[in-house]
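Reviewing the structure listed below.
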Amino acid sequence: MSSSSGKKAAPSEQELRLRANQYTSELKVLAGKVGELELELNEHKLVIETVAKVDKSRKCFRLVNGVLIERTAGEVLPALRTNQDGIKTAIDQLTAQHKAKEKEFLDFQKEHHIRIASSS
């Protein structure tokens, strides 16, 4: 039986390297999601600008879950704006998560005296 003295053993170099790699991959995933959502946000912006210029009673088609639905421009515009607002909120949340994870990673690096070598 081992006795626990309350002190944690220092993590090995391999464990530190694994953890650092995990942080960088999580940061890349978050940044990728933000990038995807920013592209989607730009698409929504372009569509909203286009649809806002046409007559509200004009026939309009919208793709919902792979199904093309016929509506009027006046019916589609509010839904597009709602989606746009939701995307903005998601971007803000993911950006906040990215910043928090980045701070956590920097604290981890300082605590364990880790320097990340640049790949260039």
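From the square roots a ≥ b ≥ c of the eigenvalues of the alpha-carbon gyration tensor of region 64-113, which class results: rounded (a/c under 1.5), prolate (a/b over b/c), or oblate? Walk me through the intermediate numbers first.
Values: a/c = 10.85, a/b = 3.85, b/c = 2.82.
It comes out prolate by the Cα gyration axes.
Normalized C-alpha radius of gyration of the chain, against 2.2 N^0.38 Å?
Details: Rg = 23.6 Å, N = 120, 2.2 N^0.38 = 13.6 Å.
So the Cα radius of gyration is 1.74 times the expected 2.2 N^0.38 Å.
Rounded, prolate or oblate: which fits region 36-91 when a ≥ b ≥ c are the square roots of the eigenvalues of the alpha-carbon gyration tensor, with rounded for a/c under 1.5 and prolate only if a/b beats b/c? Kindly include the intermediate steps, with their values, before the conclusion.
Details: a/c = 2.22, a/b = 1.55, b/c = 1.44.
It is prolate, given that a/c is not under 1.5 and a/b is the larger ratio.
Using a cut-off of 18 Å between alpha-carbon atoms, which aspartates and glutamates can reach LYS59, once sequence neighbours fewer than 8 places away in the same chain are excluded?
Qualifying aspartates and glutamates at Cα under 18 Å: GLU49, GLU70, GLU75.
Straight distance only, please: which lysines reach the Cα of LYS88 with their own Cα at less than 26 Å, same-chain residues fewer than 8 apart left out?
The reachable lysines, counting only those whose Cα sits under 26 Å from LYS88, are LYS28, LYS33, LYS45, LYS53, LYS56, LYS99, LYS101, LYS103.
If you line up the long axis of helix 73-111 against the longest principal axis of the chain, both from Cα atoms, how many degrees apart are they, to the nearest 10?
On a 0 to 90 degree scale, this one is about 10.
Hey, for a label at GLN97 modelled as a point 7 Å past Cα toward Cβ, could you say which residues of region 73-88 have their backbone N under 20 Å away?
Residues passing the 20 Å test: 83-88.
Quick one: what are the phi-derived ³J(HN,Hα) couplings along region 47-59, Karplus 6.51/-1.76/1.60 with θ = phi - 60°, whole Hz, x for glycine and proline?
With the stated coefficients, region 47-59 comes to 5, 4, 4, 5, 5, 5, 7, 8, 4, 5, 8, 5, 5 Hz.
Taking 0.36 nm per intervening residue step and subtracting the Cα-Cα distance, what contour gain separates THR24 from ALA90 on full extension?
That pair, THR24 and ALA90, stretches by 21.7 nm at full extension.
Percent relative contact order of the chain, based on C-alpha pairs within less than 8 angstrom and at least six residues apart?
On the way: 70 pairs, mean separation 32.4, N = 120.
The normalised contact order for the chain reaches 27 percent.
Please list, in chain and number order, the residues 5+ apart from THR72 or on another chain whose amide H is under 5 Å from its amide H, with Hs placed from the backbone.
CYS60
May I ask you to order 59-70, 102-113 by the average number of other C-beta atoms within 10 Å around their residues, highest value first?
Values: 59-70: 9.8, 102-113: 12.2.
By packing density, highest mean first, the sequence is 102-113, 59-70.
Give the calculated FRET efficiency between GLU13 and LYS110 to the nearest 0.05, with a Förster radius of 22 Å applied to their Cβ-Cβ distance.
Step by step, r from the Cβ atoms, then E = 0.85.
No lab work stands behind these numbers, since they all come straight from the coordinates. These numbers were taken from a predicted model, which means no experiment stands behind them. Every residue, glycine among them, receives a Cβ derived from its backbone with ideal geometry; neighbour counts consider all protein chains shown.
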